[in-house]
Structure formats: structure tokens, C-alpha cells
Amino acid sequence: MGKAVENGLKPLLAGDMSNQYELMTLFNDGGFMMYPLVLCSLVALGVMLAKLWTLFIAHRDSKQLLGQIEELTAGGKLSDAIATAETTRGPVAAILLAGLRRVQERQAGGHGSSKDVQKAISTTGIIELDFLERGLAVLGTIANVAPMLGFLGTVIGMILAFQAIEIAGQVDPQLVASGIKVALITTATGLTIAIPVNIGYNYFVTRIDRLIQDMEEGAQKVLDLIWSLESREGYREAS
């Protein structure tokens, strides 16, 4: 039984070792330009994982929060609405919290206006948007630079291949084919890195646009609340 399992595992282990060897061979054949390309891939992977987590947390409770805040403010439970926003993570909660606190200050002290609420919401929105967009510049740069690094590696490889032909003094088809293969490895690597990074960049931009819409919806709800309070106060003063 043990020998049968061992014999069954041998092809799998041999396949894994063969794949590792092929990857190392490709890396070595690509030359020194493979090092910055690998660095680009690692940086891009780290940024993309961080952005996925950040946007997941930011978007997870946004819609539910907007409904809860609308229900609480409509019922006059401003303190409960503020407490709900405080316990929720994300840019939408931050904008709602900033606006609702100004509304509460206005009710408590009778000072402030809708312009003050708009200013608080606008300032918070700029801060949150900057946080959401953090890392996108890195992804965009890698998506543009990785193919260029690959092309540069290809050019260097072609120069070295022609130099080898010059030293050999004759055109050896095997030598030419080997040099061209090595030269194209960096181009393939650069494109392999750039394509998923570009897809990830566009995906993150789309998700951020959706969050911006939620942020604008939350800001509008707070402004509607302050305007309704102002209209009530104006009605009482007229009475």
C-alpha cells in the first residue's frame, strides 16, 4: 500500500519539480530585467489585495446604512442616527456622521446653517475620496511601465543576440532562435503583469465611482434633513 502511494506521488512530485525548474529557467533566461518586473508584480499584487479589502469594507454596509439613517432621521431619532453612523465603517458613514453632528450642534445651540453642513460634508468627502483613490496611481504606473520594461529587456536581448552572432562570425540558426526566444521572455512577462493590473485598475475605478454615488446620496439625505429643519423654524417664526 505504501509503495503504491509512493509510486502514485512520484509523477506529481516530478511534475512540480519540472514546473519549478522551467520557471527558474525562464527567469534566468530573461536576464536582469526580470528583477524589476518581478518587483512590479509583487507591488501590484500587494496594492490590489489592499484595495480589494478596503473597497469591500467601504461598500459592504453602505446601502443598509443609508436606509437606517433615513428611517431614524425621519422619526426624529438624530442621536440614534449618529450612533449608527459612528459604529459603521466606510466613507458613506463618515460623511453622514460629519453632517449629522453639525445638524445636532445646530439643534443644541441654534447656530449654523445648511452652508456649514455642506462645508463639513464636502471636507469629509474630499478626505474619504483621497483615501479611496490611494494606490490607484501605483497600479496605473505599473500597468504602463511593465510593458515598457519588457520591451527594454527585449531590445537588450536582441542586442546581445546580434553581438553573439558577431562574435561567432556566422549566422547560426540555433543561436539566432535561442537569442530571440530569450529576448522575448521579458516582453511576455511585462504584458502578463500589465494586463491583470490594468483590469484591476479599471475594476477599482468602477467600484470607487459607485461609492461616490453612495456618498452623494448620503450627503443629500443630510442636506434634506437640515433644509426640513430650517423650513420648520421659518414656519414657527412666521407663526
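The values are calculated or read from the model by the stated rules, or taken from the named source; none is laboratory data. Bear in mind that the values here come from a model prediction, so they are computed numbers and not experimental data. Here the Cβ positions follow ideal geometry from the backbone for every residue, glycine too, while neighbour counts run over all protein chains shown.
A few points about this structure:
- Residues of the stretch 58-69 that are in a helix (DSSP H, G or I) and either within 16 Å of Thr87 (Cβ to Cβ) or modelled with pLDDT under 75 (or both): Ala58, Arg60, Ser62, Lys63, Gln64, Leu65, Leu66, Gly67, Gln68, Ile69.
- Pairs with Cβ under 9 Å, 6+ apart, first in the stretch 45-58 and closer than 14 Å to Pro91 by Cα and of a type in the set (Gly, Ala, Ser), second modelled with pLDDT under 90 and not in a helix (DSSP H, G or I): Ala58/Arg89; Ala58/Gly90
So that you can scan it fast, the table gives a plain yes or no per residue for (1) aromatic (Phe, Trp, Tyr); (2) surrounded by 21 or more Cβ atoms within 10 Å (Cβ to Cβ); (3) within 18 Å of Ala219 (Cα to Cα); (4) touching a His at 6+ places or on another chain (Cβ under 9 Å):
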position: Gly31; (1), (2), (3), (4): no, no, no, no
position: Leu39; (1), (2), (3), (4): no, no, no, no
position: Ala44; (1), (2), (3), (4): no, yes, no, no
position: His59; (1), (2), (3), (4): no, no, yes, no
position: Leu66; (1), (2), (3), (4): no, no, yes, no
position: Leu78; (1), (2), (3), (4): no, no, yes, no
position: Ala85; (1), (2), (3), (4): no, yes, yes, no
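- Residue in the stretch 138-146 that is closer than 11 Å to Thr186 by Cβ and assigned to a helix (DSSP H, G or I) present: yes
Table: residues versus (1) at pLDDT below 80; (2) of a type outside the set (A, V, I, L, M, F, W, C); (3) outside any helix (DSSP H, G or I).
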site	(1), (2), (3)
Ala81	yes, no, no
Gly112	yes, yes, yes
Asp116	yes, yes, no
Ala164	yes, no, no
Ala188	no, no, no
Ala194	no, no, no
